[in-house]
Amino acid sequence: MINFLKLSSLEDVTEMLWADGPAALLIAGGTDILVHPEPFAEKQILIDISQVEELRKIELEQPGLIKIGAAVTHQEIADHPLIRRRARLLGLACAAVGSIQIRNLGTIGGNLGNASPAGDSIPALACLKAEVVLTGRDRQRLVPIMEFFKGPGETVAGFDEIIEAVKIPVRQGRTVAFFKKAGQRKGMCCSKASVALVARRHSDERLSNVCVAMGAVGPKVIDVPEAARALEGQVLGAQAILQASDCCCRAVRAIDDIRSTAKYRRHIVGALLTEGLLEIYDHMRKLKKRRKRRQGRRR
Ligand SMILES: Cc1cc2nc3c(=O)[nH]c(=O)nc-3n(C[C@H](O)[C@H](O)[C@H](O)COP(=O)(O)OP(=O)(O)OC[C@H]3O[C@@H](n4cnc5c(N)ncnc54)[C@H](O)[C@@H]3O)c2cc1C
């Protein structure tokens, strides 16, 4: 028999983990655990953290740092004004998770704790240089997102630690961003492959501070600095787009599995990146036209 505990303070959770860590299993939205309970058959205590006050907030911790509590749901992130204004890429990725029912239950902490290479928030967090806050009874540490995962289903978190939050440095200047995923169908499905990009947009249409990351195409999220370099300082054009797309295809480390084949994944990341960049190109053209019209009216 498994004991079920619903706790409301972070201190109580860390005390429990300290005392019973290996036997305990944290549950937030339950959208992963309840669908795949098999790996947790040995656990004796289920700790529901969905109502822990400290884990339920999105706040600006300092002027340049957003803190998102681990039990905040994907939908809450996608809808939050601070995320829409200052970390839009993460909002786009969270809005692409499953369906409205899954987004209303599934949390960002669960997405990280599950450590699936297909977790949609992860490439966005990688582009945004997020850090994971791991908290134990007497300690707290910050782990850069790229170092948080050891492999599929495995993280660096200890038995006595909970993911308390993720912290995201706010980017300066005007940004452009996209999150694109390919799945079996449009909604309610995990990614076969995903691509996230964020960059600073300059008034002369050049991009800078470009970051590109891919999900579900390797044992962990893949950062693609070569693709970022191909776009850095460039005004978007066919050559830069093709080069960046080629870099993404080359960086794929996928295997064939139940969701897709390595060959398809290698192909589709290039197409996803191209689609996203063409949308940015269109957006910038529209902004340019609007600017010209405004200048014409002033004359
Ligand atoms: C139909 C369906 C569609 C889905 N579609 C997508 C999709 O498109 N994209 C996607 O990324 N995912 C998808 N998922 C997977 C899932 O919804 C997400 O991974 C979600 O974010 C999990 O969050 P949760 O709160 O429900 O996690 P839970 O099931 O509660 O927990 C998952 C794991 O994380 C651990 N955990 C939870 N919170 C913490 C914490 N604070 N600290 C440490 N460990 C913690 C748990 O112990 C467990 O091991 C889908 C799932 C279903 C059932």
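The values are calculated or read from the model by the stated rules, or taken from the named source; none is laboratory data. Keep in mind it's a predicted model, so treat the numbers as computed, not measured. With ideal geometry, Cβ positions are generated from the backbone for all residues, glycine too; neighbour counts draw on all protein chains shown. Protein only, heavy atoms only, side chains kept; ligands, DNA and RNA dropped before computing areas. Shrake-Rupley method; radii C 1.70, N 1.55, O 1.52, S 1.80 Å.
Does any residue of region 167-185 turn out to be of a type outside the set (Ser, Thr, Tyr), closer than 23 Å to Glu11 by Cβ and open to solvent by 10 Å² or more (accessible area, probe 1.4 Å)?
Taking region 167-185 first, the residues of a type outside the set (Ser, Thr, Tyr) are 167-174, 176-185.
Next cut, closer than 23 Å to Glu11 by Cβ only: 167.
The next check asks that each one be open to solvent by 10 Å² or more (accessible area, probe 1.4 Å); those that pass are 167.
Yes, some residue in region 167-185 is of a type outside the set (Ser, Thr, Tyr), closer than 23 Å to Glu11 by Cβ and open to solvent by 10 Å² or more (accessible area, probe 1.4 Å).
Of the conditions (1) open to solvent by 10 Å² or more (accessible area, probe 1.4 Å); (2) out of contact with any helix residue (DSSP H, G or I) (no Cβ under 7 Å at 6 or more places or on another chain); (3) in contact (Cβ under 8 Å) with a residue 40 or more places away in the chain, Gln140 clears all except one; give me its number.
(3)
Hey, could you check region 31-67 for residues that are among the polar types (S, T, N, Q) and touching a Ser or Thr at 6+ places or on another chain (Cβ under 9 Å) and say which is nearest to Asn114 (Cα to Cα)? Reasoning before the result, please.
Within region 31-67, the first condition is being among the polar types (S, T, N, Q), and the residues that meet it are 31, 44, 50-51, 62.
Narrowing the set further to residues that are touching a Ser or Thr at 6+ places or on another chain (Cβ under 9 Å) leaves 31, 50-51.
Details: Thr31: 10, Ser50: 15, Gln51: 19 Å.
Step by step, filter region 31-67, then rank; the result is Thr31.
Does any residue of region 250-261 turn out to be basic (Lys, Arg), at pLDDT below 95 and within 16 Å of Ala182 (Cα to Cα)? Walk me through it before giving the result.
Here is the first cut: in region 250-261, the ones basic (Lys, Arg) are 250, 253, 259.
With the extra rule that they be at pLDDT below 95, the set shrinks to 253, 259.
Subset that is within 16 Å of Ala182 (Cα to Cα): 259.
Yes.
Please find, within region 38-71, the residue that is surrounded by the fewest Cβ atoms within 10 Å (Cβ to Cβ) out of those that are hydrophobic (A, V, I, L, M, F, W, C) and within 10 Å of the ligand (Cβ to nearest atom). Walk me through it before giving the result.
Applying the first criterion (hydrophobic (A, V, I, L, M, F, W, C)) to region 38-71 yields 40-41, 45-47, 49, 52, 55, 58, 60, 65-66, 68, 70-71.
Still in the list and also within 10 Å of the ligand (Cβ to nearest atom): 40, 46-47, 49, 52, 55, 70-71.
Working: Phe40: 12, Leu46: 17, Ile47: 22, Ile49: 27, Val52: 24, Leu55: 25, Ala70: 27, Ala71: 27.
It comes out as Phe40.
Filter region 11-25 down to the residues that are within 12 Å of the ligand (Cβ to nearest atom) and surrounded by fewer than 19 Cβ atoms within 10 Å (Cβ to Cβ), then identify the one that is farthest from Ser116 (Cα to Cα). Break it down stepwise before answering.
Here is the first cut: in region 11-25, the residues within 12 Å of the ligand (Cβ to nearest atom) are 13-14, 17, 21, 24-25.
Checking which are surrounded by fewer than 19 Cβ atoms within 10 Å (Cβ to Cβ) leaves us with 21, 25.
Details: Gly21: 22, Leu25: 17 Å.
That would be Gly21.
Mind checking which strands (runs of 3 or more DSSP E) fall wholly inside region 135-209 and carry at least 3 residues that are closer than 15 Å to Ser121 by Cβ and under 18 Å from the mean Cα position of the chain (by Cα)?
Working: elements: 140-144, 149-151, 162-169, 175-182, 193-201.
The strands (runs of 3 or more DSSP E) meeting that bar are 162-169, 175-182, 193-201.
Asp246 versus (1) open to solvent by 80 Å² or more (accessible area, probe 1.4 Å); (2) touching a helix residue (DSSP H, G or I) at 6+ places or on another chain (Cβ under 9 Å): which is the lone unmet condition?
That leaves (1) as the condition not met.
Among the residues of region 93-130, count how many are surrounded by fewer than 22 Cβ atoms within 10 Å (Cβ to Cβ) and closer than 17 Å to Ile168 by Cβ.
2
Ala28: under 15 Å from Asn114 (Cα atoms), of a type in the set (A, V, I, L, M, F, W, C) and surrounded by 13 or more Cβ atoms within 10 Å (Cβ to Cβ), yes or no? Outline the logic, then answer.
On the way: under 15 Å from Asn114 (Cα atoms): yes; of a type in the set (A, V, I, L, M, F, W, C): yes; surrounded by 13 or more Cβ atoms within 10 Å (Cβ to Cβ): yes.
In short, yes.
If the Cβ limit is 8 Å and pairs must be 6+ apart or interchain, which residue in region 111-128 that is among the hydroxyl-bearing types (Ser, Thr, Tyr) pairs with which residue that is crowded, with 23+ Cβ neighbours inside 10 Å and part of a loop (DSSP other than H, G, I, E, B)?
Note: pairs meeting the criteria are Ser121/Val97.
Taking Met1 and the conditions (1) farther than 22 Å from Gly153 by Cα; (2) surrounded by 12 or more Cβ atoms within 10 Å (Cβ to Cβ); (3) at pLDDT below 95, which numbered condition does it fall short on, given that it satisfies the others?
Tallying (1) farther than 22 Å from Gly153 by Cα; (2) surrounded by 12 or more Cβ atoms within 10 Å (Cβ to Cβ); (3) at pLDDT below 95, Met1 fails exactly one: (2).
Name the single residue, out of those in region 76-88 being open to solvent by 30 Å² or more (accessible area, probe 1.4 Å) and in contact (Cβ under 8 Å) with a residue 24 or more places away in the chain, that is nearest to the ligand (Cβ to nearest atom).
Filtering region 76-88 for residues open to solvent by 30 Å² or more (accessible area, probe 1.4 Å) gives 76, 79-81, 84-86, 88.
Right, trim to in contact (Cβ under 8 Å) with a residue 24 or more places away in the chain and you get 86, 88.
Numbers: Arg86: 21, Arg88: 18 Å.
That would be Arg88.
Right, Ile241: in contact (Cβ under 8 Å) with a residue 24 or more places away in the chain, closer than 19 Å to Glu205 by Cβ and assigned to a helix (DSSP H, G or I) or not?
Numbers: in contact (Cβ under 8 Å) with a residue 24 or more places away in the chain: yes; closer than 19 Å to Glu205 by Cβ: yes; assigned to a helix (DSSP H, G or I): yes.
Against the criterion (in contact (Cβ under 8 Å) with a residue 24 or more places away in the chain, closer than 19 Å to Glu205 by Cβ and assigned to a helix (DSSP H, G or I)), Ile241 qualifies.
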